[in-house]
1. Any idea what angle helix 155-178 forms with the longest principal axis of the chain, computed on alpha-carbon atoms, 0 to 90 degrees, nearest 10?
2. Below 12 angstrom from the Cβ of L198, what's the summed charge of the other residues (Lys, Arg +1; Asp, Glu -1)?
3. Can you list the aspartates and glutamates whose alpha carbon sits under 17 Å from that of K292, skipping same-chain ones fewer than 8 residues off?
4. Please go through the range 44-141 and write out the GluC sites (Glu not before Pro) that DSSP classes as loop and that have at most 12 other C-beta atoms within 10 Å.
5. For a test of the definition: using alpha carbon positions, the gyration tensor, and the 1.5 limit on a/c, classify the range 67-108 as rounded, prolate or oblate.
6. Counting pairs of alpha carbon atoms under 8 Å apart in space and at least six apart in sequence, what relative contact order in percent does the range 71-150 give?
7. The chain: longest stretch without exposed chymotrypsin sites (Phe, Trp or Tyr not before Pro) (DSSP loop, at most 16 other Cβ within 10 Å), sites themselves excluded?
8. Please compute the contact order of the chain in relative form: average sequence separation of alpha-carbon pairs under 8 Å and at least six residues apart, divided by the residue count, as a percent.
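The values are calculated or read from the model by the stated rules, or taken from the named source; none is laboratory data. This structure is a prediction, so every number in the text was calculated from the model and none was measured. Virtual Cβ from ideal backbone geometry, glycine too; neighbours counted across all protein chains shown. In case anyone asks, the SASA skips ligands and DNA or RNA and just uses the protein heavy atoms, side chains included. Shrake-Rupley method; radii C 1.70, N 1.55, O 1.52, S 1.80 Å.
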Amino acid sequence: MTFAAALLTASAAKAQQAEQTLQTQEGYSYFLPKTVLRLSVLVEKTTVTPGELCIYADRYLKKSDAAQEKDVRYKIVSVSIATEAERDTARHFILLADAKHSINHAEINRNGILTAVNTSGKAEKEFVPFVPWKKPAPKDPRQFMNQEILAAASKAKMAELTAHEIYDIRDSRNELTRGQADFMPKDGEQMRLMLQQLDNQEQALLQMFCGTTVCDTLQSVIRYVPTGDVTDRVLFRFSEKLGMLDADDLAGTPYYINIKNLQDQMPAPETPLDNTKPSKDDIGLRVVLPGKARATITTLPIDNGGLSATPYEFWAAQFGTLHNLSGDLFSKKIRTELTLEPTTGAVEKIETELIKK
């Protein structure tokens with residue numbers, strides 16, 4: 001046998017051996033979850049834009065508080081907390097599915113997390129971002145100006161004529177409501193439409209002096225993975241002038257997160273999943289008995305009188321304990337359906353049924 005032939009024979013033997021090894025270890029590769037805190041911060045953004053004729057607002061309309069410069073302000077409306085899951089790369093296992101066990105299906109979600117065996121898994125609740133209401137298009141004041149106002153040679157003259165037009169609109173409204181107009185509406189609906197048209201004209205022309213105020217609601221989503229007790233860790237910063245800022249941006253006021261592991265305050269669980277060591281019939285099936293924790297958000301350190309929002313208590317996979325489910329549950333004589341909670345990896349439902357021959 002030549003050297004080349006011997007090399008090919010050895011390669012074929014190794015390939016056959018690798019294929020046999022793969023067949024004996026075939027199964028489902030999966031991860032257990034790590035629980036993530038998802039904070040949704042709703043921020044109201046108020047933008048004040050001065051009118052083109054703002055400097056004449058006090059002279060002609062006696063509005064001394066009309067904005068003279070553009071101003072943008074931010075205010076936190078609410079902070080809500082929820083949980084979601086990501087794969088825990090430190091908890092990666094392979095669920096064996098060989099001829100000795102009655103495992104014909106394992107459901108693994110898009111994050112690679114095991115959610116069910118021999119049945120359909122529970123879908124993790126999808127995060128729905130905040131969608132603000134669609135605001136009406138702003139009115140263009142020039143659409144309500146007559147030819148004389150548009151042809152004014154200066155801003156001062158335009159302001160004078162526009163103010164006169166506003167007062168004329170108000171006089172017309174008063175005449176309608178008093179029944180003294182030259183052309184009175186025939187019914188209540190026509191009256192409503194005429195008054196609405198006068199209001200629209202006045203509001204549009206007033207924008208030339210008083211400007212506009214626009215409010216928008218923005219959502220910022222922050223994801224935080226708790227790993228243990230945390231006291232007064234800066235989660236983000238907020239500025240009335242700049243809005244949401246990163247935790248290391250000193251231009252804003254810090255908001256702190258506090259995590260308290262409550263596992264030591266819980267009674268010992270009564271659970272059959274008390275075997276953390278591999279059993280004699282280990283098929284690589286692991287579940288989690290999650291631990292409880294509490295999260296709070298504060299604007300000042302706790303030791304300095306920080307006031308917090310309502311504490312949020314949650315179950316976390318990483319604060320719990322890992323447990324092994326024996327392959328005896330999936331013997332050829334028993335059909336077992338197992339459903340896991342996708343956010344914590346806990347057993348949500350387990351049903352067994354004897355297989356009749």
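1. The two axes meet at around 90 degrees.
2. Once all neighbours under 12 Å are counted, the net charge is -3.
3. Cα-Cα hits under 17 Å: E84, D229, D264, E270, E313, E341, E348.
4. The qualifying sites are E69, E126.
5. The shape class here is prolate.
6. Values: 35 pairs, mean separation 12.5, N = 80.
This gives 16 percent for the range 71-150.
7. The reported range is 184-357.
8. On the way: 672 pairs, mean separation 79.9, N = 357.
About 22 percent, as a whole number.
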